[in-house]
Amino acid sequence: MSEKKLYFPYSEYLKKIYGEKVYKLPVNIPVTCPNRVNGGRGCTFCAEAGTGFEALSPAVPVREQLRQTREKIEKKYNAHKFIAYFQNYTNTFLPLEDFSAYVEEAAVERDIVEIDISTRPDCVSGEYLEVLDRLRAKRGTGICLELGLQTVNYHTLKRMNRGHSLAEFIDAVLQAKAYGFQVCAHVILNYPGDGMEDAVETARILSALRVDMVKIHSLYIAKNTVLCEAYENGTISLCSKEEYMDRLIAFLCWLSPDIAVERLFGRVPERDAVFCNWGTSWWKLRDEAENEMRKRDAWQGKYFHYLGGAALKK
């Protein structure tokens, strides 16, 4: 008898759509975030460079970025299909004409099967979705929106200085789903002030919204951020690795088994952070989490029986 699948991996999700393994190629364009205009410092956890630690300079043309990164991936993995991942900052926080030109430039590059746009929920509107819809019709590329939710706890969202609440995230998902686009939600399971109930409710909300993917982050604290100052001043405390494991496993157990899981832990170069993953590599923590799930007889969707009029079925 084969081992029960612990969770639905993103790689398997992509194989079902595209027939083989697909690799993301990060794209960095000259854009910022509404939280950083007029002297704003952004979300409390966001570094000055954003999250594109591995991306090339935005001064490099999009097609050249894709070609340089693809060349490395092709040689290493014998890859044939790729996703152009507009990763850093808020990629729909651009004039519409500029946004359209950048995504068109990526879509015409060889072997690009999907355009993946990372953005904020409060920067999703019909005009930008129409651009992506026309691109899909013209080029045949898949479209995915990656939305930063982080948590469904609106009190925590306020402390993060996110500048939006849960409502904007729900609205963005519903807008994207109306076009038939894929949706990936980013969540942080151990932001200071959140607890187990927040992790579980986040899984339940994502399941009810029927997002396609979730990217789970363990909180890392980047240098020169508001959160870094609070950490070094001792005004916040972080949960233990064991507590994070408990939250992660509970999150997965309450998450719909149809939602693909892109990652379980955050990743950042050591030189850029004052705290990351309790001083342990992400892949060791992943293996530890999977082993712990086996010990607990836990799997994704174990408790997924709360939708569709669940009280009527008792």
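The values are calculated or read from the model by the stated rules, or taken from the named source; none is laboratory data. Since the structure is predicted, the reported quantities are computational estimates derived from the model, not experimental observations. Cβ atoms come from the backbone with ideal geometry, glycine included; neighbour counts cover every protein chain shown. What goes into the accessible areas is simple: the full protein's heavy atoms, side chains included, and nothing from ligands, DNA or RNA. Shrake-Rupley method; radii C 1.70, N 1.55, O 1.52, S 1.80 Å.
Residue-wise test of (1) part of a helix (DSSP H, G or I); (2) open to solvent by less than 10 Å² (accessible area, probe 1.4 Å); (3) without any contact (Cβ under 8 Å) to a residue 12 or more places away in the chain.
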position: Ile115; (1), (2), (3): no, yes, no
position: Ser118; (1), (2), (3): no, no, no
position: Glu146; (1), (2), (3): no, yes, no
position: Leu149; (1), (2), (3): no, yes, no
position: Thr156; (1), (2), (3): yes, yes, no
position: Glu168; (1), (2), (3): yes, no, no
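Show the residue pairs that are 6+ apart or on different chains and have beta-carbon atoms under 8 Å apart, the first residue being within the range 34-50 and under 15 Å from Thr90 (Cβ atoms) and surrounded by 17 or more Cβ atoms within 10 Å (Cβ to Cβ), the second being at pLDDT below 80 and basic (Lys, Arg).
Final answer for the pair search is Asn35/Arg41.
The rows are residues; the columns are (1) open to solvent by 70 Å² or more (accessible area, probe 1.4 Å); (2) in contact with a Lys or Arg (Cβ under 8 Å, 6 or more places away or on another chain); (3) of a type in the set (Lys, Arg); (4) touching a residue at least 24 places away in the same chain (Cβ under 8 Å).
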site	(1), (2), (3), (4)
Tyr77	yes, yes, no, yes
Phe82	no, yes, no, yes
Thr90	no, yes, no, yes
Val103	no, no, no, yes
Ala107	no, yes, no, yes
Asp122	no, no, no, yes
Glu127	yes, no, no, yes
Val131	no, no, no, yes
Ala137	yes, no, no, no
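Given the condition open to solvent by 40 Å² or more (accessible area, probe 1.4 Å), of a type in the set (Gly, Ala, Ser) and over 17 Å from the mean Cα position of the chain (by Cα), answer yes or no: does some residue in the range 250-263 qualify?
no
Evaluate the range 27-45: report whether one residue or more is closer than 30 Å to Ala79 by Cβ, assigned to a strand (DSSP E or B) and modelled with pLDDT of 90 or more.
Scanning the range 27-45 turns up at least one residue that is closer than 30 Å to Ala79 by Cβ, assigned to a strand (DSSP E or B) and modelled with pLDDT of 90 or more.
Identify all residues within the range 11-30 that are surrounded by 21 or more Cβ atoms within 10 Å (Cβ to Cβ) and out of contact with any Gly (no Cβ under 8 Å at 6 or more places or on another chain); write none if there are none.
Leu14, Val22, Leu25, Val27, Ile29
Conditions (1) modelled with pLDDT under 95; (2) under 26 Å from Ala101 (Cβ atoms); (3) assigned to a helix (DSSP H, G or I), marked per residue:
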| position | (1), (2), (3) |
| --- | --- |
| Glu3 | yes, no, no |
| Glu12 | no, no, yes |
| Thr51 | yes, yes, no |
| Thr69 | yes, yes, yes |
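Sort out which residues of the range 267-303 are outside any helix (DSSP H, G or I), free of Cβ contacts under 8 Å to residues at least 60 places away in the same chain and under 30 Å from Glu232 (Cα atoms), and write them in order of number.
Answer for the range 267-303, where residues must be outside any helix (DSSP H, G or I), free of Cβ contacts under 8 Å to residues at least 60 places away in the same chain and under 30 Å from Glu232 (Cα atoms): Arg267, Ala273, Val274, Phe275, Cys276, Thr280, Ser281.
Going through Arg247, Arg204 one at a time, which residue ends up being basic (Lys, Arg) and open to solvent by less than 40 Å² (accessible area, probe 1.4 Å)?
Arg247
Go through the range 304-314 and report how many residues are touching a residue at least 24 places away in the same chain (Cβ under 8 Å) and open to solvent by less than 60 Å² (accessible area, probe 1.4 Å).
Selection size over the range 304-314: 2.
Filter the range 275-303 for residues that are of a type in the set (Gly, Ala, Ser) and within 20 Å of Ile188 (Cβ to Cβ); which is most open to solvent (accessible area, probe 1.4 Å)?
Gly279
Kindly indicate which of Ser218, Ser240, Ser165 is in contact with a strand residue (DSSP E or B) (Cβ under 8 Å, 6 or more places away or on another chain) and small (Gly, Ala, Ser).
From the options Ser218, Ser240, Ser165, the qualifying one is Ser218.
Return the total of residues in the range 264-274 being touching a helix residue (DSSP H, G or I) at 6+ places or on another chain (Cβ under 8 Å) and either among the polar types (S, T, N, Q) or open to solvent by 30 Å² or more (accessible area, probe 1.4 Å) (or both).
2
Could you grab me the full set of residues in the range 201-252 that are of a type in the set (S, T, N, Q) and not in a helix (DSSP H, G or I)?
Ser218, Asn224, Thr225, Thr235, Ser237, Ser240
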